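See below for the structure under consideration.
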2 protein chains.
Amino acid sequence: MPRTKRGTAPSIRDVAAVANVSVPTMSRYLKDPSRVSEKKRTAIAAAIEKLNYRPNPIARALALDMSESIAVMSADTRLYGRTQTFYGIERKAQEIGYPTTIYVLDSRGGDWMLGSVRSCLDRSPAGVILIDYDRLTDSVVSHIPSTTPLVIIGGPRHEDRAQIHLCEYDSAYAMTKHLLALGHATVHYVAVPSDVDAREDGWRMALSDAHVPAPAPIATTWDAEKAIAIGRQLGEDDSVTAIFAGNDEIAMGVMRGLALAGKRVPDDVIVAGFDDHTLSRVWNPPLTTIRQHFDEAGEHAVTMLKQQIDDVVNNRPRGEAWTMFDKITGELVQRESTGERVSAAAEER
Amino acid sequence: MPRTKRGTAPSIRDVAAVANVSVPTMSRYLKDPSRVSEKKRTAIAAAIEKLNYRPNPIARALALDMSESIAVMSADTRLYGRTQTFYGIERKAQEIGYPTTIYVLDSRGGDWMLGSVRSCLDRSPAGVILIDYDRLTDSVVSHIPSTTPLVIIGGPRHEDRAQIHLCEYDSAYAMTKHLLALGHATVHYVAVPSDVDAREDGWRMALSDAHVPAPAPIATTWDAEKAIAIGRQLGEDDSVTAIFAGNDEIAMGVMRGLALAGKRVPDDVIVAGFDDHTLSRVWNPPLTTIRQHFDEAGEHAVTMLKQQIDDVVNNRPRGEAWTMFDKITGELVQRESTGERVSAAAEER
């Protein structure tokens, strides 16, 4: 077998060189062999044989001037849900042979953010997965051409795009109802930073359905440390007996603040979070929360994206896969922070 | 300005087409204009002018058949230190215009891991950053050609490569000495999973220098939940008064186990961790630890790598940047888990 540059598998260029045809001719051949002359077809077939070239989907994508990688766009990649989602994406993408390239969307928003989007699209990714866990990234969608394979995870529904819905509204509704059922007059909500927070909406609706007035939600940032002051303040108000935090890290900050105010969890105040952060089960006491299955969402996004990529590679029109809407439901996990006795066996499951 | 495909900036192909030269000729021109005929030089210069083409380092790299992205290799990307390091890499890489592609090294090791390495190298990255926080990835280095720009973060020293050293030995030595100075007979160590653990070595040497016999280190996994049982067991031994954990998440699990055994932190047992995890300051009580500056390590790795990439792009031999060895030192952060009174102001710094 002829040696190819850097000892790697033969590329479309190597085959073109051996067949003595141009790379665009090779591209036409890979798209549809009938589009090149019989003489060239024969030469290319011989070169493919000789180099043991396998025209895999990636090579075909390259022939279409599509990059070989899946681009993942996300705001701050250090946050728990994103890390987990990204891990699911990586694992599945690796399995099907696509590397993943990350584009961190600039949290300053606006033009800064669109700069990252342009930088991504300029490189013609095979497809894009947008992790849309805050409305910051909402405007990004309109800048991604409808001909680019795209799967959005989370965020508000974009009817003409493929999307995975995380059912946060339903989960927050279920959690709030659960906390009320434990015998509390109301549930206070500490909100994640988002213009439109489905968790807050679910909490509000559960209170409304139970004919309980909703206390003003308390806004915070993604920084768990900021929630310490909130917990301390809530701890000084004896009417506060149940707190639902928009995510687990915020719940942990709130619990620390409650401790500083001299309140015990769950004896004086019960606390629940959202996400099932790895450390939720390690917290003292372990945190009741909603398990979000982020890694599963990531894996599924790659599967959905692959169908769209296949459409492009095979020159098929935008099919069903381009507007698919799948749901991944959360799961209420009861632990000691809400005062429910959980057996060690159940906790270990 | 002529429209180019997908409305993006003009590519080397666009310029070649307008100048009526081949892409290889364009490549030669970008590497060294004197290598093409005067006629072609003039045509290319006119095309560059017409298309407002800027031959940036990335275009030059492409001309060299080098991919335009920085490959990051790491084992499990969900772990705290890696997330933070990766964030620093992303931020800096984005700043200098290189996208980052992630290759997750298969934790099953051996051939599985080398599969990821080959998959990465097959795509000719502009350069590689290897996050080597466990010895699992040690063998990877020998599979990366010495002509590929490479920066290793952490891990044992590879003399012929550029590397960033995290000074874990020194930090663990300082922490152990600090804990002994608080008046404890000895310090128990709960070890991170690594064949060669500089943190353990530093702990052992500090005990040895203080003429204190070292208790057997307790092995655990990266899973913080596993450390709960360890904490519970240590809590049942009244001779255990000071525990140093190989990372913060393990320390958190140990603290939960101590609570289950009826021990109070810091009153009965003091606990220290390593890394300064975001949640360390939120923990109840906040955790004394070593701040590792992972994001800074990531940013610096990109800066070091860029110098090597520039050498390749400019056809210079492997220079100093290829074997550079820089250190990033850790910082002891005192918090309440070791019983030291820290003012709220100091904690907020």
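The values are calculated or read from the model by the stated rules, or taken from the named source; none is laboratory data. Everything quoted here is computed from the prediction, not taken from an experiment. Here the Cβ positions follow ideal geometry from the backbone for every residue, glycine too, while neighbour counts run over all protein chains shown.
Take the conditions (1) farther than 30 Å from A:V21 by Cα; (2) at pLDDT below 80; A:A93 misses just one of them, which is (2). Of all residues in region B:131-140, those that are assigned to a loop (DSSP other than H, G, I, E, B) and free of Cβ contacts under 8 Å to residues at least 40 places away in the same chain total 1. The set of residues in region A:141-157 that are out of contact with any strand residue (DSSP E or B) (no Cβ under 6 Å at 6 or more places or on another chain) and away from chain B (no Cβ under 14 Å) comprises A:V141, A:S142, A:G154, A:G155, A:P156, A:R157. Taking region B:92-101 as the range and being touching a residue at least 40 places away in the same chain (Cβ under 8 Å) and part of a loop (DSSP other than H, G, I, E, B) as the test, the residues that pass are B:I96, B:G97, B:Y98. Note on region A:222-255: residues that are more than 20 Å from A:D76 (Cβ to Cβ) and either among the small types (G, A, S) or over 29 Å from the mean Cα position of the chain (by Cα) (or both) amount to 13. Per the conditions (1) buried (at least 16 other Cβ atoms within 10 Å of the Cβ); (2) within 23 Å of the chain's Cα centre (by Cα); (3) of a type in the set (D, E); (4) more than 23 Å from B:Y98 (Cβ to Cβ), the sole criterion not satisfied by B:E336 is (2).
Hey, can you tell me all the residues within region B:102-130 that are in a strand (DSSP E or B) and within 14 Å of chain A (Cβ to nearest Cβ)?
The initial filter retains those residues of region B:102-130 that are in a strand (DSSP E or B), namely B:102-104, B:127-130.
Listed by number, the residues that qualify are B:I102, B:Y103, B:V104, B:V128, B:I129.
Summed over region B:259-291, residues that are farther than 22 Å from B:R199 by Cα and either in contact with a strand residue (DSSP E or B) (Cβ under 7 Å, 6 or more places away or on another chain) or basic (K, R) (or both) total 3. Within region A:280-296, the set of residues being surrounded by fewer than 24 Cβ atoms within 10 Å (Cβ to Cβ) and over 18 Å from B:A229 (Cβ atoms) comprises A:R291, A:H293, A:D295, A:E296. Scanning region B:181-191 for residues that are touching a residue at least 60 places away in the same chain (Cβ under 8 Å) and surrounded by fewer than 24 Cβ atoms within 10 Å (Cβ to Cβ) gives B:L182, B:H184.
Within region A:44-73, the set of residues being modelled with pLDDT of 85 or more, of a type outside the set (V, I, T) and surrounded by 19 or more Cβ atoms within 10 Å (Cβ to Cβ) comprises A:A47, A:A71, A:M73.
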